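Taking it in order: structure first as structure tokens, then the write-up.
The values are calculated or read from the model by the stated rules, or taken from the named source; none is laboratory data. Bear in mind that the values here come from a model prediction, so they are computed numbers and not experimental data. In this analysis, Cβ positions are derived from the backbone assuming ideal geometry, glycine residues included, and neighbour counts consider all displayed protein chains. The area values use the complete protein model at the heavy-atom level, side chains included, leaving out ligands, DNA and RNA. Shrake-Rupley method; radii C 1.70, N 1.55, O 1.52, S 1.80 Å.
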Amino acid sequence: MKRAIAAISTRSTPDARIRALRPPKPRVDPWRPHGTVVEQERTPAGLERALTVFLAGAECAFTCSFCDLWRYTLDGPTPAGALPRQLEQALAGLESPLPERLKLYNASNFFDRRAVPRDDLPRLAELAAPFVDVTVESHANTIGPLTLEFAALLSGRLEVAIGLETVHPAAAARLNKKLELAQFDRAADFLRGHGMDLRAFVLLGAPHIPPPGAESVEWTVRTVEYAATRGAGRVAIIPVRGGNGELERLEALGEFVPPTLAQLEDALERCLALTPAIVTADLWDVDRLTACETCRAERVARLERLNLIGRPEPAVSCPACA
């Protein structure tokens, strides 16, 4: 199987190849959100409660080689009125007091009009009025006038989460993200200059970093440092998750090694001192990471604590993996 994947022709465009390797996409209902989660997040002043609403909308126009979010998106544009209806449903069952932060994650780009119709922005802002802060996700290349328009509609402060992924020059150029560091820098400057906050996403285990896997943590730390120096107040380290076909092709070619739980621990520990940025480890699907089964649960619990306290604590001692 691995040989068959590796042998797929690279003469087609990267977008076409990546899409051709994907498994079937589950059916997505544009009128219902995928779900919600309420979590605690660290802030400079302590902890805040954040509600994340996972919205169903149009697929991202940027076909990144590492992406697994496409499976949660529609094949066509987001229907007008669908996102406000989804958000209404998500907020309907909330109990008081409401979380301080609302995160609207649409597995795409919030400022792509195909993904978020412009006419829906006023209603989305109205629904977000009870929250102190609102976070959305969008590619750096989409930051501009529509960002300002939505920020002006909000009662609270806008934060935009942008995927920086990696600053490794060769790897970044081959992720098919169509992003240069100068574009990220311009987006960061734009947000800061207009009184908005920046959250950055950084990959652990980005493909194409030679030798495969050996320098993964080092380049993750460098990328977190880069985001912090460009004004990111929060940085999330996201382990690359396989399953999209393209990563399996790259793994068969020796150009991708799935990250491990130990690497995630190492990366987070090395980044905790990068004040004033708040650096956390993304623990979504953390059970998929390779780890010692004897101490996995204890290590995950430690990562959860590090996300909240933001300072080092003793490492897990495990005879089985010593």
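What the table below lists for this structure:
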quantity	calculated
Search result, residues across segment 164-174 that are of a type outside the set (S, T, N, Q) and either within 12 Å of W219 (Cα to Cα) or surrounded by 23 or more Cβ atoms within 10 Å (Cβ to Cβ) (or both)	L164, E165, V167, H168, P169, A170, A171, A172
Failed item in (1) assigned to a helix (DSSP H, G or I); (2) hydrophobic (A, V, I, L, M, F, W, C); (3) under 23 Å from A315 (Cβ atoms), with L274 passing the rest	(1)
Segment 99-124: number of residues that are basic (K, R) and crowded, with 18+ Cβ neighbours inside 10 Å	2
Test result for F190, surrounded by fewer than 20 Cβ atoms within 10 Å (Cβ to Cβ) and in a helix (DSSP H, G or I)	yes
Output for segment 69-85, where each listed residue is among the charged types (D, E, K, R) and either at pLDDT 95 or above or surrounded by 15 or more Cβ atoms within 10 Å (Cβ to Cβ) (or both)	R71, R85
Qualifying position, being in a helix (DSSP H, G or I), closer than 29 Å to P122 by Cα and open to solvent by 70 Å² or more (accessible area, probe 1.4 Å), among E39, E88	E88
Residues of segment 267-298 satisfying the condition of being more than 21 Å from the chain's Cα centre (by Cα) and open to solvent by 40 Å² or more (accessible area, probe 1.4 Å)	A273, E293, T294, A297, E298
Residue count, segment 24-36 (criterion: part of a strand (DSSP E or B) and of a type in the set (D, E))	0
Cross-chain or 6+ apart pairs with Cβ under 8 Å, segment 197-216 first and on the phi > 0 side of the Ramachandran plot and surrounded by 24 or more Cβ atoms within 10 Å (Cβ to Cβ), then modelled with pLDDT of 95 or more and in a loop (DSSP other than H, G, I, E, B)	G205/V240; G205/F256; G205/V257; G205/P258; G205/P259
Residue satisfying all of: in segment 126-156; touching a helix residue (DSSP H, G or I) at 6+ places or on another chain (Cβ under 9 Å) and of a type in the set (S, T, Y); nearest to L47 (Cα to Cα) among these	S155
Verdict on A172 being at pLDDT 95 or above, part of a loop (DSSP other than H, G, I, E, B) and of a type in the set (G, A, S)	no
Subset of segment 10-23 that is open to solvent by 70 Å² or more (accessible area, probe 1.4 Å) and part of a helix (DSSP H, G or I) - its residue that is farthest from K103 (Cα to Cα)	A20
Any hit, segment 48-68, residues being in a helix (DSSP H, G or I) and surrounded by fewer than 16 Cβ atoms within 10 Å (Cβ to Cβ)	no
Flag for E95 being of a type in the set (D, E) and either outside any helix (DSSP H, G or I) or buried (at least 17 other Cβ atoms within 10 Å of the Cβ) (or both)	yes
Restricting segment 208-241 to residues that are touching a Gly at 6+ places or on another chain (Cβ under 7 Å) and in a loop (DSSP other than H, G, I, E, B), the residue that is farthest from D185 (Cα to Cα)	P212
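Residue-by-condition table, conditions (1) of a type outside the set (A, V, I, L, M); (2) in contact with a Pro (Cβ under 7 Å, 6 or more places away or on another chain):
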position	(1), (2)
E95	yes, no
L124	no, yes
E137	yes, no
L164	no, no
P169	yes, no
A172	no, no
L175	no, no
